[in-house]
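The values are calculated or read from the model by the stated rules, or taken from the named source; none is laboratory data. This structure is a prediction, so every number in the text was calculated from the model and none was measured. Here the Cβ positions follow ideal geometry from the backbone for every residue, glycine too, while neighbour counts run over all protein chains shown. The accessibility values were calculated without ligands, DNA or RNA, using every heavy atom of the protein model including side chains. Shrake-Rupley method; radii C 1.70, N 1.55, O 1.52, S 1.80 Å.
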Amino acid sequence: MVVIGAGEAGARAAMALRENGFAGRITILGDEPHSPYERPPLSKAALTDADEPQAAYILTPERLDEHGIAHLGGRAVTAIDRAAHMVDLSDGERLRYDRLLIATGARARKLAVAGATPESILYLRSFDEARALRSRLAPGARIVIIGGGFIGLELAASARARGAEVTLIELAPRLLARAVPAAIASVMAARHEAAGVRLLTGTGIERIEVEEERHVIQLSTGERIVCDGIVAGIGAVAETGLAERAGLAIDNGVAVDGRLATLDPDIFAAGDCCSFPHPLYDGRRLRLEAWRNAQDQGNAAARAMLGGSDDYDAVPWFWSDQYELTLQIAGLPDEGEETISRDLGDGARLDFHLAGKGRLVAASAIGPNGKIARDVRLAEMLIARRAHPDRAALADPNVKLKALLAG
């Protein structure tokens, strides 16, 4: 078994192969030298901890050895030879596979404006990039963050925690426009403004210039912003190059079926790099950039590689920690046609999103850390059951969601 990609999906798949009884050779291939590590801390703890950050390993070298999993780091895969069942590595070695998992993740989308060069823009997808960014977040440093999605906002919160002055620029009319309902996004926007982040929504960038040690951003409004560093968090692009060159189907990611298998029966894909049909949403093809999805699909892909026939049907789940607030989403809010809100107290709220016939298709929540998790988990279970809960019961905080599960 060969796994291309040493992130969450790849590492989890390798362990799941062992846990499901596979006794043969398992090799994880990654182009970074580090053992497989967690990525969510890169925008949070890796930037804010007082001590020099260490990678949060998913699989330490010792654990890899314990389970007999080979990790070849710092060696990129350059090609997949489907006919020979071989992968080519950057150092010239060829490695045979019986089953292959593509778990190559995604890369940062590059900012396409005049002057956006590698010297002027920082991105955050790797541990080494997190260390480079951390060195810029000194007290009083003027930092501009481009992009008002999850990564941009988490970076803004971390930069403020380090004492930097932060301006965040978002082209869309509001923050989190692609992923989060407007009412909940407005709560997060207010929290950032209270923390001293300057938010510029509906604002484009015409060009970026470098003057000595400073960066100058020319906005579409005519304003010029002078800063000490620029970070772009404007989304990610699925890493599909290997699959495409190997002749596999691409559809907003490596296209897989419900078992996470590609059109080649010996090649599977999981995590941020793949798109798959979701049975909860009438087979709508999704590509999810989320820690939980990568972990769950790693487990599912391992079972499929060993001959399993179950379709992947886990409820999509996202989360983001910013300041003392946690934002969690279960399901797909854009599938809903009606929203019902529940006040959870202590400034927390939970929105239920219902499809046209009253089926619960998503839930969105925001509130203090630890306040919302249990209710979102129960809502997730209702979504998985395709429940049609009573609307009045959803709105009433005195009605326990667990009671709706029993109904």
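Being surrounded by fewer than 16 Cβ atoms within 10 Å (Cβ to Cβ), in contact (Cβ under 8 Å) with a residue 60 or more places away in the chain and in contact with a helix residue (DSSP H, G or I) (Cβ under 9 Å, 6 or more places away or on another chain): is that true of L306 here? In short, yes. The condition of being on the phi > 0 side of the Ramachandran plot, in contact with a strand residue (DSSP E or B) (Cβ under 6 Å, 6 or more places away or on another chain), open to solvent by 20 Å² or more (accessible area, probe 1.4 Å) and not basic (K, R) does not hold for G253. Mind listing just one residue for me: the one in region 393-406 that is part of a helix (DSSP H, G or I) and open to solvent by 70 Å² or more (accessible area, probe 1.4 Å) and, of those, farthest from A373 (Cα to Cα)? Applying the filter and picking the extreme gives A406.
Entry remark, region 299-323: residues being assigned to a loop (DSSP other than H, G, I, E, B) and closer than 19 Å to P333 by Cα number 4 in total. Within region 169-183, restricting attention to residues that are part of a loop (DSSP other than H, G, I, E, B) and of a type in the set (D, E, K, R), which residue is surrounded by the most Cβ atoms within 10 Å (Cβ to Cβ)? That would be R174.
Looking only at residues in region 128-151 that are open to solvent by less than 30 Å² (accessible area, probe 1.4 Å) and within 25 Å of D51 (Cβ to Cβ), the one that is farthest from the chain's Cα centre (by Cα) is A141. Name the residue that is farthest from T221 (Cα to Cα), counting only residues in region 184-194 that are of a type in the set (A, V, I, L, M) and open to solvent by 10 Å² or more (accessible area, probe 1.4 Å). This residue is V187.
Picking from residues in region 67-88 that are within 17 Å of G10 (Cα to Cα) and free of Cβ contacts under 8 Å to residues at least 60 places away in the same chain, the one that is surrounded by the most Cβ atoms within 10 Å (Cβ to Cβ) is I69.
Taking into account only those residues within region 20-55 that are assigned to a helix (DSSP H, G or I) and among the hydroxyl-bearing types (S, T, Y), which is least open to solvent (accessible area, probe 1.4 Å)? Looking at the filtered set, the residue picked out is S43.
Of all the criteria given as (1) in contact (Cβ under 8 Å) with a residue 60 or more places away in the chain; (2) open to solvent by less than 50 Å² (accessible area, probe 1.4 Å); (3) touching a helix residue (DSSP H, G or I) at 6+ places or on another chain (Cβ under 6 Å), the one not satisfied by C227 is (3). Please name all residue pairs, on different chains or six or more residues apart, with Cβ atoms under 7 Å, provided the first residue is in region 175-193 and is over 15 Å from E154 (Cα atoms) and the second residue is assigned to a loop (DSSP other than H, G, I, E, B) and open to solvent by less than 50 Å² (accessible area, probe 1.4 Å). Listed by first residue and then by second, the contacts come to R178/G149.
No other residue among L17, L64 is touching a strand residue (DSSP E or B) at 6+ places or on another chain (Cβ under 7 Å), more than 20 Å from C273 (Cβ to Cβ) and assigned to a helix (DSSP H, G or I) apart from L64.
Within region 106-165, the residues that satisfy the criterion of being part of a loop (DSSP other than H, G, I, E, B), within 24 Å of M188 (Cβ to Cβ) and among the charged types (D, E, K, R) are R109, R125, R136, R162.
If you filter region 330-354 down to residues that are in a strand (DSSP E or B) and among the aliphatic types (A, V, I, L, M), you find that the one that is surrounded by the most Cβ atoms within 10 Å (Cβ to Cβ) is A330. Of the residues making up region 201-224, those that are in contact (Cβ under 8 Å) with a residue 24 or more places away in the chain and either among the hydroxyl-bearing types (S, T, Y) or crowded, with 19+ Cβ neighbours inside 10 Å (or both) are T201, T203, I205, I208, H215, I217.
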